[in-house]
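To keep things clear, I will list the structure first and then write my remarks on it.
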Amino acid sequence: MSELIRKNASELVELLGKGEISSVELTQAHLDRSMAVDHDVHSYLHQDASTALSAAADIDRRRAAGEKLHLLAGLPIAVKDNLTTTDAPTTSGSKILEGWVPPYDATVVKRIRAAGLPILGKTNLDEFAMGSSTEFSAFGPSRNPWDLTRIPGGSGGGSSSVVASFQAPVAIGSDTGGSIRFPASVTGTVGNKPTYGAVSRYGLIALASSLDQVGPVSRNVLDSALIQDLIAGHDPHDSTSLPESLGSMADAARKLDVKGMRIGVIKELMGEGFQPGVMNRFKESVNLLQQAGAEIVEVSCPNFEYAIAAYYLILPAEASSNLAKFDSVRFGLRVAPEGNPTIERVMAATREAGFGPEVKRRIILGTYALSSGSYEHFYGAALKVRTLIQRDFAAAFEKADVLISPTAPTTAFKIGEKLEDPLAMYLNDIATIPANLAGIPGMSVPNGLADEDGLPVGIQLLAPAREDARLYQVGAALEKMHEDIWGKRMIDFAPELEVRG
Ligand code: GLN
């Protein structure tokens with residue numbers, strides 16, 4: 001394998017800047033890697049080498065001409081397939097959008113292109129980002145590079161596995177209940193869900209609009225910071241976009257200092273239901289942070305117990321109305337019904353054929369939760385719980401600057417293991433969902449390997465809204481402590497993939 005593709009993005013942009021490597025060479029190395037491993041990993045739903053290489057060649061030409069370029073110019077990147085791209089199909093993992101090529105670029109994609117980052121391809125996801133494993137993708141699951149019989153997390157398992165298998169140095173994901181952080185946790189990568197509104201969702205195919213955020217995936221904290229700095233910032237096309245800048249995440253990631261920081265351990269997110277190896281690594285990191293001068297405090301968030309229940313009313317309610325637009329008229333698939341093709345019957349036949357089982361389950365649940373007799377009882381009650389969770393966070397952040405917990409209760413499970421049991425699948429997100437309900441930022445950082453199975457474990461950091469920089473500061477400091485102990489990055493413990501093709 002080319003040594004180039006193992007490097008962090010921060011090193012690659014330096015080499016590009018000094019002219020020691022070209023973007024074409026770097027992009028080609030990643031495309032070669034995909035040719036060699038992606039038939040096993042299946043990170044991508046769509047790749048087009050010629051578009052990526054011509055974007056790379058354009059940057060090389062402009063650099064050679066002495067043009068002043070963006071810091072990240074020439075760095076290739078992969079994008080989750082629920083962000084619209086004018087030069088590639090955008091399916092959101094669904095048959096109902098198969099073959100649809102959007103008429104506009106998502107704002108995040110626009111910023112990526114304007115800065116001169118070649119897009120390597122569109123990554124796999126659970127259909128409409130509903131799931132924790134990519135097994136609900138209509139185009140087949142992605143696999144975990146640490147063990148190909150296991151899930152790479154979801155919904156953004158394409159973006160986590162693409163980075164973990166060295167097919168891309170960085171990727172973009174989206175997180176509605178944990179879809180950036182859970183995949184990062186089980187693949188030994190870094191994933192960050194920014195503050196709600198920090199990154200534009202214009203051109204993100206909406207799942208649940210009050211919860212969705214776009215964010216970075218990478219192999220180290222600084223690289224995620226560089227990407228967040230690129231994609232964040234006000235966007236007039238997104239009415240929920242924050243007007244102000246949250247500062248430089250890269251500067252925060254370079255501080256490497258946690259002295260005097262108050263770090264709160266969330267009592268409710270440990271113990272029962274959490275795998276022993278996950279808890280062991282978590283406790284070790286708490287000790288490391290303490291030794292580095294952080295003050296460790298215990299905080300209690302009693303209403304987190306109801307977070308999953310509230311989420312699975314709010315999310316389906318919002319999703320059922322967001323997905324109503326897939327009606328056979330405006331986008332993608334159209335199926336002819338048997339008998340008389342009235343508009344209603346065409347719609348019904350198309351939605352029956354175009355949506356998978358998890359999407360149908362949630363549309364039914366959401367429609368019911370919003371129906372006139374049940375609205376107050378279900379949706380209204382869930383909104384009250386959401387407020388209580390926000391208050392839990394507010395109280396916890398009085399005592400602590402940053403909160404920590406394991407990102408997920410377990411390491412990566414086997415493909416197929418939870419497919420028939422929706423509730424077991426939903427429980428993976430127990431630690432990640434509260435941040436979406438409260439709109440606060442959350443990051444998953446590699447936290448060692450579990451004793452039982454040798455698989456990656458993640459630690460989650462949470463900060464108050466708009467304080468994303470704290471996550472990068474603590475995350476990078478903890479990562480440095482780990483790398484000093486291990487003598488290498490966590491991703492360097494991953495087994496070599498068999499190269500074919
Ligand atoms: N696993 C969660 C769900 O199925 C989270 C999804 C997400 O963040 N997009 O809803």
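Points to keep in mind about this one:
- Top-ranked residue in segment 24-76 [being free of Cβ contacts under 8 Å to residues at least 40 places away in the same chain and of a type in the set (D, E); ranked as surrounded by the fewest Cβ atoms within 10 Å (Cβ to Cβ)]: E67
- Complete set of residues in segment 257-291 that are assigned to a loop (DSSP other than H, G, I, E, B) and among the small types (G, A, S): G260, G271, G273
- Residues located in segment 337-354, provided they are over 36 Å from the mean Cα position of the chain (by Cα) and among the small types (G, A, S): G339
- Counting the residues of segment 339-392 that are touching a helix residue (DSSP H, G or I) at 6+ places or on another chain (Cβ under 8 Å) and not in a helix (DSSP H, G or I) gives 4.
- Only listed residue being out of contact with any Cys (no Cβ under 9 Å at 6 or more places or on another chain), within 16 Å of the ligand (Cβ to nearest atom) and under 28 Å from S2 (Cβ atoms), chosen from G158, G140, G116, G131: G158
- Filter result (closer than 25 Å to E295 by Cα and within 13 Å of the ligand (Cβ to nearest atom)) within segment 410-446: A431, T432, P434, A435, G442, S444
- Residues in segment 219-244 that are in contact with a Gly (Cβ under 6 Å, 6 or more places away or on another chain) and polar (S, T, N, Q) were compared, and the one that is nearest to K480 (Cα to Cα) is S241.
- Any hit, segment 17-34, residues being in contact with a Leu (Cβ under 9 Å, 6 or more places away or on another chain), more than 28 Å from P495 (Cα to Cα) and in a helix (DSSP H, G or I): yes
- Residue in segment 113-126 that is assigned to a loop (DSSP other than H, G, I, E, B) and of a type in the set (S, T, Y) present: no
- Candidates F355, F326, F304, F331, filtered to the one that is surrounded by 14 or more Cβ atoms within 10 Å (Cβ to Cβ) and in contact with a strand residue (DSSP E or B) (Cβ under 9 Å, 6 or more places away or on another chain): F304
- Residue in segment 421-428 that is of a type in the set (D, E), modelled with pLDDT under 95 and under 30 Å from R143 (Cβ atoms) present: yes
- Candidates in segment 338-352 are the residues that are surrounded by fewer than 17 Cβ atoms within 10 Å (Cβ to Cβ) and either of a type in the set (D, E, K, R) or within 30 Å of L419 (Cα to Cα) (or both); of these, the one that is farthest from the ligand (Cβ to nearest atom) is E338.
- Checklist (1) touching a helix residue (DSSP H, G or I) at 6+ places or on another chain (Cβ under 7 Å); (2) buried (at least 17 other Cβ atoms within 10 Å of the Cβ) applied to D87, failing item: (2)
The values are calculated or read from the model by the stated rules, or taken from the named source; none is laboratory data. Since we're looking at a predicted model, the values are computed, not measured. Note: ideal-geometry Cβ built from the backbone for every residue, glycine included; neighbour counts use all protein chains shown.
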